[in-house]
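Some notes on the structure that comes next.
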Amino acid sequence: MSRSAYYLAMRDLAHQKRSAYDVTTERLDLNFLARIYKAEEITLDRRIIKSARIRAAYFSDAAGSSVMVKKTLPREPKLFALVHELKHHYVDRAAIEAGEIRCGNYNAHEVIEKGAEVFAAEFIYPEEEMRVLAAKVGIQRGCSAEDVCRLKNECPAPVSYKFLVKRLEWWKYCERGTFDRVKFSKLHESIYGLPIYKQDWFRARRPKGSAPKR
């Protein structure tokens with residue numbers, strides 16, 4: 001199977017699994033995904049991981065399947081990492097159990113890992129849904145950082161700025177690397193104001209030592 005055919009198959013699989021679990025973009029969050037993991041009998045192992053390179057890893061053997069995930073990841077990259085690992089469960093489980101694929105060896109299994117990224121992106125926010133929203137908010141070729149902020153502000157999916165920019169680059173709405181130096185969180189705040197958890201009144205009411213949920 002060619003690369004392009006493999007990636008298309010992963011997109012199709014994402015649609016199939018969304019349908020099987022009645023996933024809608026607005027409903028998908030970490031709690032919803034935890035229910036899918038439970039249905040798939042995958043144990044979630046949340047850990048403090050010091051390495052900046054490791055976000056999550058899938059394991060499967062005779063004892064069952066599990067995913068180790070970095071406990072301190074913010075919501076959006078954590079969701080993406082967990083859906084990425086679902087692809088390994090659905091597609092690569094037999095090869096992993098046979099020792100043919102080893103966690104962390106990205107270079108040796110580039111197509112498999114990129115396929116997991118394709119699966120995760122389509123499962124979390126189908127490309128067609130994003131195209132509809134982009135057209136609605138007026139995103140066009142040569143879009144600006146402010147346009148990306150507007151897209152993010154209207155986006156119903158739990159995705160990061162990095163996710164949105166990668167899609168826009170893929171569509172050739174912007175050149176690759178155009179927004180590498182943009183601090184989107186700060187730009188977003190300058191346009192739409194501080195999020196509630198950063199506002200003084202909320203900070204004053206929050207119990208000392210507590211942190212906002214992500």
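The values are calculated or read from the model by the stated rules, or taken from the named source; none is laboratory data. What you see is a predicted model, and the numbers here were worked out from it, not measured in a lab. Ideal geometry is used to build each Cβ from the backbone, glycine not excepted, and the neighbour counts take in all protein chains shown. Heads up: the accessible areas ignore ligands, DNA and RNA and are worked out on the full protein's heavy atoms, side chains in. Shrake-Rupley method; radii C 1.70, N 1.55, O 1.52, S 1.80 Å.
For the chain, the residue among Ser4, Gly193, Ala39 whose Cα projects farthest onto the positive side of the dipole built from Cβ charges is Gly193. Put Val111, Val83 in order of accessible area, highest first, and with a 1.4 Å probe you get Val111, Val83.
Here's the picture: charge each Lys and Arg Cβ at +1 and each Asp and Glu Cβ at -1 in the chain, and of Gly177, Ala121, Tyr90 the one pushed furthest to the positive end of that dipole is Gly177.
In percent, rounded to a whole number, the relative contact order of region 22-96 is 28, using alpha-carbon pairs under 8 Å and six or more apart. Give me Rg over Rh for region 1-123, both radii from the alpha carbons and Rh done the Kirkwood way, two decimal places. Rg/Rh for region 1-123 comes to 0.94. Note on Lys136 and His15: with the Förster distance fixed at 25 Å, the Cβ-Cβ geometry gives a FRET efficiency of about 0.70. Charged side chains reduced to their Cβ positions (Lys and Arg at +1, Asp and Glu at -1) give region 37-174 a dipole of some 640 debye around its Cα centre.
For region 147-194, the spread of Cα coordinates along the three principal axes comes to 30, 24, 14 Å, biggest extent given first.
Between helix 161-170 and the chain there is an angle of about 80 degrees, using the helix long axis and the longest principal axis of the Cα atoms. How big is the C-alpha Rg of the chain next to the rule-of-thumb value 2.2 N^0.38 Å, as a ratio? Relative to the 2.2 N^0.38 Å estimate, the chain comes out at 1.10. The packing ranking, built from the mean of other Cβ atoms within 10 Å per residue, places the peptides 183-191, 55-63, 84-92 in the order 84-92, 55-63, 183-191, highest first. Structure remark: mean-square fluctuation, Gaussian network model of the chain, C-alpha springs under 10 Å; the largest value among Ile139, Ile96, Ile48 belongs to Ile48.
Remark: region 1-154 carries 55 Å² of accessible area per residue (probe radius 1.4 Å; ligands, DNA and RNA excluded).
Could you give me the ³J(HN,Hα) list for region 172-186, computed from phi with Karplus coefficients 6.51, -1.76, 1.60 and θ = phi - 60°, whole Hz, x at Gly and Pro? Whole-Hz 3J(HN,Hα) from phi for region 172-186: 6, 7, 8, 6, 4, x, 4, 10, 4, 9, 7, 8, 5, 4, 5. Considering only Cα atoms, the convex hull volume of region 70-141 works out to 123 Å³ per residue. Taking the Cα atoms of region 91-184, the ratio Rg/Rh between the radius of gyration and the Kirkwood radius comes to 1.08. Ranked by the mean number of other Cβ atoms within 10 Å of their residues, highest first, the peptides 117-127, 149-159, 3-13 come out as 117-127, 149-159, 3-13. Only Cα pairs under 8 Å and 6+ residues apart enter the sum, and on that basis the relative contact order of region 1-126 stands at 32 percent. Evaluating 6.51 cos²θ - 1.76 cosθ + 1.60 at θ = phi - 60° for every residue in region 72-81, the Karplus couplings come out as 8, 5, x, 4, 5, x, 5, 4, 4, 4 Hz, glycine and proline recorded as x. Roughly speaking, to the nearest percent, how much of the chain's 1.4 Å accessible area is carbon and sulfur? Taking all protein chains in place, the chain shows 50 percent carbon and sulfur surface.
If you sort Lys166, Lys136, Lys78 by accessible surface, 1.4 Å probe, largest first, the order is Lys136, Lys166, Lys78.
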